[in-house]
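A.B. asks: Got a structure here, written out as structure tokens. Questions coming.
None of the figures in this text is laboratory data; all of them are computed from the coordinates on show. Remember, it's a predicted structure, so these values are computed and weren't measured experimentally. Quick reminder, even Gly has a Cβ in these numbers, built from the backbone with ideal geometry, and neighbours come from all protein chains shown.
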Amino acid sequence: MGMAWVSTLAVAVLLSGIGDPYFPADGNAGYDVSHYRLDLRYQPGADRLAGTAVIRASATRDLRRVSFDFRLDASEARVNGVQAGLVRRGGKLVVTPEAALPAGRPFSVEVRYSGVPSRVVIDGERPWKATPDGAYSTAEPHIASAWFPCNDHPRDKATYDVSVTVPDGTQVISTGVLKGTDRHSGSTTWHWHGSRPQASYLQTLAIGHYAIKRGTAPDGRPIVTAYDRRLSKSMRKAAQDSLERTPEVLAWEESLFGPYPFEAEGGIVVAGDDSEDAEEFQTRPVYRSGAADLTTVVHENAHQWFGDSVSVRSWRDIWLNEGFATYAEWMWSEHLGKATARQQAAEAYARTDWRILPGDPGREHLFDDPVYNRGAMTLQALRDTVGDRDFFAIVRAWATRHRYGNGSTPEFVALAEKISGKRLDTLFRTWLFTKGRPHGRMSTFASSRQP
């Protein structure tokens, strides 16, 4: 069946997205995904990706059409095994089943597709980076739709099975647990399984020539770290010195945040990019070669609780991810007997750009420094106000009550007030939503600056 005709009005409705205030076209309403199964074949050098995605979901309302965020070329779609129409418009793949999908019923959509993902540009970013011997995906918040059809918003989480066939001698690293590899004539298929709910932007692939180290954490969960073989000897040693301490970092973070929420751990270091950038993919952060240091390991693994397990309800709530991860860095310094979190908050207080509001930074400032530092200062101000006992009770309760779900700033404020028994609206309004430097009792840690 060829591309089905879909009315302009129907497509316009489908392109409206899930309702994020910063990215109104992101995501798709009307269904919840439970599982993605991706069976892919990748050719390094040509950067050619082809395969099939099977998406299992449940309709939350009667659906005549189903849309997915997707940027490659789809050749065929089936709904519940029956061939369906499809059309792509404005970053959406619109699938029209033979019969309407009733509310409350599960359904599956199978999409066959192919393309060159490194050609995809979303909001000026190229989420898929081709390398001489493979590729890797990284570019929050828009990553997933560059290489598989999905409901691309943190509100819709799912489990994953990702199988990728590559030429022999090429490795594939993804999130979750490696279930095994199958050898064929001249090729190998790598099978990865993620058993915990995961937002689409937290799924990644790294393909190329990697040295893979495997281990086991004290509780039995597998540890997988992968090092790009293109790294220089000195870069690889520096990266290993940091990444091999991931179990130690996670044990310390568990003591503060509660049990680690996932089934595996580790990391991936990619070469060819000396930027100080890393991303918190679920169970397996990716570190570019200039970012594989211990402080970044602390930051990205704190995201396993704050960002991955507890994801934002909308991208406007991003400080709940980055503020917590930055504050974890400050607490790690304190843990090592160096500058205290309060002293680092004071240092950040002296240098922060106070024009950007971490509680509503706008999409153009989503990952600017004030979101990280002012977000972390908000947590220090909260700790100063409620005391350590209530502060860490709030942190653990947030990670526990919203585990594998989503959270918003109003929900965090309400939880902090409930546990502490204090009115905290002024504190959060001042630190998150007011331009200009807080003064008086709102900036008590400013006097703690190191000499």
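A.B. asks: What size of dipole, in debye to the nearest 20, comes out for the range 177-297 about its Cα centre when the only charges are +1 on Lys and Arg C-beta atoms and -1 on Asp and Glu C-beta atoms? Intermediate values should be presented prior to the final figure.
C.D. replies: Working: 14 positive and 17 negative charges, 133 e Å.
Approximately 640 debye in magnitude.
A.B. asks: If you put +1 on each Lys and Arg Cβ and -1 on each Asp and Glu Cβ, how big is the dipole of the range 8-208 around its Cα centre, in Debye rounded to 20?
C.D. replies: Its charge dipole is roughly 300 debye.
A.B. asks: Could you check the simple spin-label distance between residue 32 and residue 363, using points 7 Å along Cα→Cβ, in nm with one decimal?
C.D. replies: Placing both labels 7 Å along Cα→Cβ, they lie 2.6 nm apart.
A.B. asks: Using DSSP, restrict attention to beta bridges with both residues in the range 180-274 and report what percent are antiparallel, rounded to the nearest 5.
C.D. replies: Numbers: 11 of 16 bridges.
Counting DSSP beta bridges with both partners in the range 180-274, the antiparallel share is about 70 percent.
A.B. asks: Also: Taking amide H atoms as placed 1.01 Å from N in the peptide plane, list the residues 5 or more away in sequence, or in a different chain, whose amide H sits under 5 Å from that of residue 88.
C.D. replies: Under 5 Å from the amide H of residue 88: 94.
A.B. asks: Would you kindly calculate the translational diffusion coefficient of the range 315-448, applying Stokes-Einstein with the Kirkwood radius from alpha carbon pairs, for 25 °C and a viscosity of 0.890 mPa s, and quote it in µm² s⁻¹ without decimals?
C.D. replies: Details: Rh = 14.8 Å.
After rounding, the answer is 166 µm²/s.
A.B. asks: Taking the Cα centre of the range 8-208 as the origin and placing charges on Cβ (Lys, Arg +1; Asp, Glu -1), which of 115, 60, 127 is farthest toward the positive end of the dipole?
C.D. replies: After comparing all options, I get 60.
A.B. asks: Among the aspartates and glutamates, which fall within straight-line cross-link reach of residue 338, defined as a Cα-Cα distance under 12 Å, with same-chain neighbours fewer than 8 residues apart omitted?
C.D. replies: Partners found: 329.
A.B. asks: What is the packing order of peptides 307-319, 173-185, taking the mean over residues of other C-beta atoms within 10 Å and listing the highest first?
C.D. replies: Numbers: 307-319: 23.5, 173-185: 16.1.
For the peptides 307-319, 173-185, the packing ranking is 307-319, 173-185.
A.B. asks: Moving on to the next point. In deg cm²/dmol and to the nearest 500, what is the mean residue ellipticity at 222 nm of the chain if only DSSP H runs of at least 4 residues count, each as -39500 (n - 2.57), divided by the residue total?
C.D. replies: Details: 9 runs with 121 residues, N = 451.
Using -39500 (n - 2.57) per qualifying helix, the result is -8500 deg cm²/dmol.
A.B. asks: Further question on the same structure: Compute the length gained on full extension between residue 82 and residue 112: take 0.36 nm times their separation in residues and subtract their Cα-Cα distance, giving the result in nm to one decimal.
C.D. replies: Details: separation 30, 0.36 × 30 = 10.80 nm, distance 1.34 nm.
Value of the extension gain: 9.5 nm.
A.B. asks: Another question about this same structure. Based on other C-beta atoms within 10 Å, arrange 412, 68, 433, 107 from fewest to most.
C.D. replies: Values: 412 22, 68 29, 433 12, 107 17.
Fewest-to-most ranking of 412, 68, 433, 107: 433, 107, 412, 68.
A.B. asks: Sticking with this structure for a sec: How do the peptides 414-423, 211-220, 143-152, 34-43 rank, highest first, by the average count of neighbouring beta carbon atoms within 10 Å per residue?
C.D. replies: Working: 414-423: 14.9, 211-220: 11.6, 143-152: 26.8, 34-43: 18.9.
Top to bottom by mean Cβ count within 10 Å: 143-152, 34-43, 414-423, 211-220.
A.B. asks: What number does the range 8-208 give for Rg over Rh if you use C-alpha atoms and the Kirkwood radius? Walk me through the numbers on the way to the answer.
C.D. replies: Details: Rg = 16.2 Å, Rh = 17.0 Å.
Ratio value, two decimals: 0.96.
A.B. asks: So how far apart, in nm, are the two label points at residue 58 and residue 437 if each is 7 Å from Cα heading toward Cβ?
C.D. replies: 5.3 nm
A.B. asks: List the lysines whose Cα lies under 28 Å from the Cα of residue 213, skipping any in the same chain that are fewer than 8 positions away.
C.D. replies: Within reach: 129, 179, 233, 237.
A.B. asks: Quick one: P(r) of the range 228-307 from all Cα-Cα pairs, 10 Å bins, percents rounded to integers, in order of increasing distance.
C.D. replies: 20, 53, 22, 4
A.B. asks: Provide the FRET efficiency to the nearest 0.05 for the residue 335-residue 123 pair, computing r from the beta carbons and using R0 = 60 Å. Don't skip to the end; give the middle numbers.
C.D. replies: On the way: r = 37 Å, r/R0 = 0.62.
Result of the calculation: an efficiency of 0.95.
A.B. asks: So for the range 230-340, taking the charge dipole from beta-carbon charges (+1 Lys/Arg, -1 Asp/Glu), which of 302, 286, 269 sits furthest toward the positive end?
C.D. replies: Looking along the dipole axis, the top candidate is 269.
A.B. asks: Moving on. Cα convex hull of the chain: how many Å³ per residue? Each step should come with its number before you reach the end.
C.D. replies: On the way: hull volume 66.6 nm³, N = 451.
Expressed per residue, the convex hull around the Cα atoms of the chain is 148 Å³.
A.B. asks: Moving to a separate point now. I'd like to know which of 406, 344, 420 lies farthest towards the positive end of the charge dipole of the range 315-448, counting +1 on Cβ of Lys and Arg and -1 on Cβ of Asp and Glu.
C.D. replies: 420
A.B. asks: Dipole of the chain, Cα-centred, from +1 at each Lys and Arg C-beta and -1 at each Asp and Glu C-beta, to the nearest 20 debye? Write down the numbers at each step before the final one.
C.D. replies: Numbers: 54 positive and 54 negative charges, 104 e Å.
In total the dipole reaches around 500 debye.
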